[in-house]
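Since the structure comes first, as structure tokens, the remarks are kept for the end.
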Amino acid sequence: MIKVAMLSFWHVHAGDYAKQVTEHADTEIVAIWDELPARGQQEAEKRGVAFYADLAELLANPEIDGVVVDTPTNLHREVIVAAAKAGKHIFTEKVIAPTVQEVNEILAAVDEAGVTLTVSLPRLNAATTLAIQEVVEKELLGTLTLVRTRLSHNGGISTNANPHGWLPEHFYNAEQCGGGALIDLGCHPMYLTRLLLGLPEAVSASYGYVTGREVEDNAVATLQYANGALGIVEAGFVNAFSPFVIEVHGTDGSLLYSEHDGKIWLRTNKLEEASQQWTAYENWPQAQVSAFDQWVAHIQSGTKATTNIQLAADLTKLMEAANQSVATKQQVRLDSLTQ
């Protein structure tokens with residue numbers, strides 16, 4: 001049994017991860033720490049486990065094998081490095097950290113300690129993503145020229161039930177979050193674009209502030225590639241009905257997916273039946289197990305989440321470049337980021 005400590009319930013998904021720990025046959029929650037002691041104490045009492053007011057004391061407990069980190073993003077470097085140095089395996093919400101420099105410090109500490117790190121990038125494991133990858137790998141679209149992805153919700157919109165929207169107010173705290181809609185929701189279309197097109201040379205971004213918060217609630221980032229391909233990433237907290245969509249276009253075909261109908265539509269010169277009209281792509285691969293389940297499996301087998309970590313590190317590069325682009329009002333090359 002892998003004994004797990006929950007480190008903070010700041011993130012909106014912390015409760016979901018706690019549920020995954022509890023429901024997994026090989027893990028259990030044994031301790032909780034939170035940067036807000038009252039919140040942590042409440043969560044510990046609810047679960048009947050020990051609460052630690054002192055993070056160092058919790059990490060010094062040799063009976064704790066791993067930690068789930070759901071602290072504010074700006075605390076990730078401090079908390080994850082401390083956990084790694086204490087020999088704890090680490091599962092964390094994206095992003096690893098808001099800057100490349102902090103990510104490199106984290107990864108160096110993880111490597112030195114020899115512990116297992118896995119980052120929650122859930123859409124990598126979805127059947128839709130695996131099916132889209134399959135289409136691309138079969139070269140049914142030819143050379144890829146454009147990927148457009150969009151993920152948005154209504155979390156910032158005022159309603160009678162939630163005058164300030166249903167997102168917690170601290171999700172608009174620039175210091176804690178490192179940004180708004182792009183780093184929170186846009187991270188998913190961003191790592192999917194990276195998955196399909198690779199890393200771009202440069203990023204440019206534009207942010208909108210519909211609700212007047214200190215972070216963006218409406219965002220678009222454009223990824224520029226050396227071969228002329230483009231990636232377009234869109235995210236927002238201010239859209240009432242905006243399904244997740246992804247378009248992949250190439251020299252021989254195009255692929256469209258939207259959660260509004262849940263189907264992958266394909267038109268390509270490479271298949272006779274799909275050359276004259278849009279055709280539903282059938283026989284998708286099965287979804288992979290969750291990132292949390294993968295983390296547990298890596299701990300048990302002594303392996304590393306190499307691909308997951310690389311995609312997560314690249315995600316921070318893209319997010320930092322987007323933030324810099326907005327701040328400087330110009331395109332930002334990835335090779336200009338401080339390492």
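The values are calculated or read from the model by the stated rules, or taken from the named source; none is laboratory data. Remember, it's a predicted structure, so these values are computed and weren't measured experimentally. Virtual Cβ from ideal backbone geometry, glycine too; neighbours counted across all protein chains shown. The area values use the complete protein model at the heavy-atom level, side chains included, leaving out ligands, DNA and RNA. Shrake-Rupley method; radii C 1.70, N 1.55, O 1.52, S 1.80 Å.
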Point to revise | Where a residue in the range 241-269 is touching a residue at least 60 places away in the same chain (Cβ under 8 Å) and part of a loop (DSSP other than H, G, I, E, B) and its partner, wherever it lies, is open to solvent by less than 50 Å² (accessible area, probe 1.4 Å) and of a type in the set (A, V, I, L, M), with Cβ under 6 Å and at least six apart | key: Phe244/Leu151; Asp252/Leu141
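Rundown of residues vs (1) in a helix (DSSP H, G or I); (2) touching a helix residue (DSSP H, G or I) at 6+ places or on another chain (Cβ under 9 Å); (3) not hydroxyl-bearing (Ser, Thr, Tyr), yes/no style:
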{"position": "Ile106", "(1), (2), (3)": "yes, yes, yes"}
{"position": "Glu112", "(1), (2), (3)": "yes, yes, yes"}
{"position": "Val119", "(1), (2), (3)": "no, yes, yes"}
{"position": "Thr159", "(1), (2), (3)": "no, no, no"}
{"position": "Asn162", "(1), (2), (3)": "no, no, yes"}
{"position": "Leu182", "(1), (2), (3)": "yes, yes, yes"}
Check your understanding: Which pairs have Cβ atoms under 9 Å, sit 6 or more apart or on different chains, and link a residue in the range 316-327 that is under 8 Å from Val203 (Cβ atoms) and modelled with pLDDT of 95 or more to one that is open to solvent by 20 Å² or more (accessible area, probe 1.4 Å) and of a type in the set (Phe, Trp, Tyr)?
Key -> Ala322/Tyr207
**Study point:** Number of the exception - Ala25 against (1) crowded, with 22+ Cβ neighbours inside 10 Å; (2) not in a helix (DSSP H, G or I)
**Key:** (1)
Practice item. Could you please let me know if Lys88 is of a type in the set (D, E, K, R), more than 13 Å from Ala5 (Cα to Cα) and open to solvent by less than 60 Å² (accessible area, probe 1.4 Å)? Key: no
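Can you name the residue in the range 283-327 that is open to solvent by 30 Å² or more (accessible area, probe 1.4 Å) and closer than 19 Å to Ala181 by Cα and is also farthest from the chain's Cα centre (by Cα) among such residues?
Ala327
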